[in-house]
Amino acid sequence: QRALFCVLAAYSLYDTEVGYCQGMSEIAAVLLMFLPEEDAFWALAQLMVGDRHSMHGFFVPGFPKLLRFQRHHERVLQRALPDLRKHMDEEQMSTGIYSPKWFLQCFLGRTPFSLTLKLWDAYVLDGERVLTAMAYTILKVHRKRLLKLPLEGLREFLQDSLAQPWALEDEAVLRHLRASMTQLRRMRCDLPPPAGPEEFPTRPLGLEPVSPAPGPLLPSPASEPPPRVEEPAFPGPAARPEPPGPPPGQAIEVGYCQGMSEIAAVLLMFLPEEDAFWALAQLMVGDRHSMHGFFVPGFPKLLRFQRHHERVLQRALPDLRKHMDEEQMSTGIYSPKWFLQCFLGRTPFSLTLKLWDAYVLDGERVLTAMAYTILKVHRKRLLKLPLEGLREFLQDSLAQPWALEDEAVLRHLRASMTQLRRMRCDLPPPAGPEEFPTRPLGLEPVSPAPGPLLPSPASEPPPRVEEPAFPGPAARPEPPGPPPGLVAAQHCPWEADPASDPQVHCSGSRCIAPEAGAHLMSARRLEEYHGAFCGRPDPASDLQVHRPRGKCIVPRQVGS
């Protein structure tokens, strides 16, 4: 896991146009099965920008290469399998439903794993034509079965059932693949039309902005500018010189990170769009939740909570901790989604909404207590499971309905919070500075207006005006740092398009700064709810969500 993180983090800095996109982790994981860490990084880089594979176009915003391959796949279906194409059109089965993972990852997770490794051997050797040929081969081999299936059956078979063992041996499938490549070559359909310039890198790869060395304010008359030295970049397509572009910006702190979309979706269930944005902002930087540290590079807060979770296990459930160690079941396998998203997708949805109510009110201690509660409630069952059973139960089965009612689980949660508080284990050690924002939030850099090269002797520099910023933790002043860069959203073909996420808009260099005085819940509502859950009113603990208009943001179905 550490090697996988290092490879992906390094590539996100190496290729700033792609960064990290969901789907790249499986590719890097396959490379790490056979190559050491550094070699896997360079192999990934070559797959992304080399002429034979050019996977860069699959992962840049807009996914131009994916769309090009999907259109070509439809043309192949129309020419070679017209009856199947007609049936899929009648059932309204679009190629976009099943083909993204076929092309983005060369069938990883969509065919049996032993066959997938052989397909990757062919892909490394023969390049892109393997993708079009294998997509055609799958439909050709299973044509008779597919013609009998309705829409839901088509979707389930092409997305899920294909990953199960096939009736054909792997070698027989590869013989079909070779025959398909020959057939498509004769039909002149083995490759889609040539790629456009939007599929290739437009910025130098592997360069990092460096601050210039301090020097005299004015050059001496005899001095000349030093000759420009071209920095070497990882080779892209040979006949395509790098066009000039803006210098690479400063690294963002959070931007968009996988996992944030589910949190935003929950907020949008109960709040209008603008209010959901400010609620998300407060969850990220407010003192009670400070989720910013979960999503910054390196995930320092996640690591801190995982270490604390291991200490709680060691003290409160030593027999279960021993069993998990014997089975080599690391907490890092199941706990990231527990802490990053407060159990979204890991517990039944009705229970998850109640956990979010508790999380909004009581903050981080709910995460540690609920993680302990899950293991405590299911302890006897977990002690009997081997490694694969532990993984499946803690990652997948927990999302199914539990034998306990939601209210019974919440009673267990309250008991766990009391127990951990007595043990002084309800919260992990304090956070370090790396978990908090280091730059003003909501500001956008603006190019200065052109002016004279040298100021007039009588002119004086204008007074510095402090820009308002979204409030962070009260006792932690903002340290000086470089000017903030543009927030670049990551992208993912299977989640909601992050380009549509609400952005903080600025006019000029002026931030649309929120005014004080708005709350996610009214004080009365918060007192009632807090008293119902914890038995103690605490109206001063409301979640402060600042927004421009200053009206109260009240969720309409908080208890649902």
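The values are calculated or read from the model by the stated rules, or taken from the named source; none is laboratory data. Remember, predicted model here, so these are calculated numbers, not experimental data. When we count neighbours, we look across all protein chains shown, and the Cβ atoms used for this are built from the backbone with ideal geometry, even at glycine. With ligands, DNA and RNA removed, areas are computed over all heavy atoms of the protein, side chains included. Shrake-Rupley method; radii C 1.70, N 1.55, O 1.52, S 1.80 Å.
See the values below:
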item	result
Number of positions in the range 90-108 that are at positive phi and loosely packed, with under 15 Cβ neighbours inside 10 Å	1
TYR372 being of a type in the set (Ser, Thr, Tyr) and over 22 Å from the mean Cα position of the chain (by Cα)	yes
Criterion (assigned to a loop (DSSP other than H, G, I, E, B), within 27 Å of ASP15 (Cα to Cα) and under 22 Å from the mean Cα position of the chain (by Cα)) met by exactly one of GLY62, GLY96	GLY62
Failed item in (1) part of a helix (DSSP H, G or I); (2) at positive phi; (3) among the small types (Gly, Ala, Ser), with GLY255 passing the rest	(1)
Yes/no for GLY23 being open to solvent by less than 50 Å² (accessible area, probe 1.4 Å) and either under 23 Å from LEU207 (Cβ atoms) or touching a His at 6+ places or on another chain (Cβ under 7 Å) (or both)	no
Residue list for the range 286-297, filter: open to solvent by 30 Å² or more (accessible area, probe 1.4 Å) and either free of Cβ contacts under 8 Å to residues at least 24 places away in the same chain or within 20 Å of LEU8 (Cα to Cα) (or both)	PRO297
Scan of the range 256-300 for residues that are under 18 Å from PHE5 (Cα atoms) and not hydroxyl-bearing (Ser, Thr, Tyr), ordered by number	CYS257, GLN258, GLY259, GLY293, PHE294, PHE295, VAL296, PRO297, GLY298, PHE299, PRO300
Filter result (open to solvent by less than 10 Å² (accessible area, probe 1.4 Å) and small (Gly, Ala, Ser)) within the range 109-156	GLY127, ALA133, ALA135
Inter-residue pairs, beta-carbon under 7 Å, first in a loop (DSSP other than H, G, I, E, B) and in the range 1-27, second aromatic (Phe, Trp, Tyr), 6+ apart	VAL18/PHE59; CYS21/PHE59; GLN22/TRP494
Candidates ALA45, ALA10 - the one that is open to solvent by 10 Å² or more (accessible area, probe 1.4 Å) and either farther than 19 Å from LEU158 by Cα or in contact with a helix residue (DSSP H, G or I) (Cβ under 7 Å, 6 or more places away or on another chain) (or both)	ALA10
Subset of the range 142-172 [in contact (Cβ under 8 Å) with a residue 60 or more places away in the chain and either assigned to a loop (DSSP other than H, G, I, E, B) or touching a strand residue (DSSP E or B) at 6+ places or on another chain (Cβ under 7 Å) (or both)]	LEU147
Filter result (in contact (Cβ under 8 Å) with a residue 40 or more places away in the chain, touching a helix residue (DSSP H, G or I) at 6+ places or on another chain (Cβ under 9 Å) and either closer than 30 Å to TYR11 by Cβ or part of a helix (DSSP H, G or I) (or both)) within the range 266-279	VAL266, MET269, PHE270, ASP275, ALA276, PHE277, ALA279
Which listed residue is over 22 Å from ALA358 (Cβ atoms), over 31 Å from the mean Cα position of the chain (by Cα) and aliphatic (A, V, I, L, M), from LEU383, LEU387	LEU383
Any hit, the range 36-50, residues being farther than 19 Å from ARG203 by Cβ and in contact (Cβ under 8 Å) with a residue 60 or more places away in the chain	no
Count - residues of the range 65-82 that are open to solvent by less than 60 Å² (accessible area, probe 1.4 Å), touching a residue at least 40 places away in the same chain (Cβ under 8 Å) and part of a helix (DSSP H, G or I)	9
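Residue by residue, here is whether (1) open to solvent by less than 10 Å² (accessible area, probe 1.4 Å); (2) within 23 Å of ARG288 (Cβ to Cβ); (3) in contact (Cβ under 8 Å) with a residue 40 or more places away in the chain; (4) of a type outside the set (Asp, Glu) holds:
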residue	(1), (2), (3), (4)
LYS354	no, yes, yes, yes
ALA358	yes, yes, yes, yes
ARG379	no, no, yes, yes
GLU392	no, no, no, no
VAL409	yes, yes, yes, yes
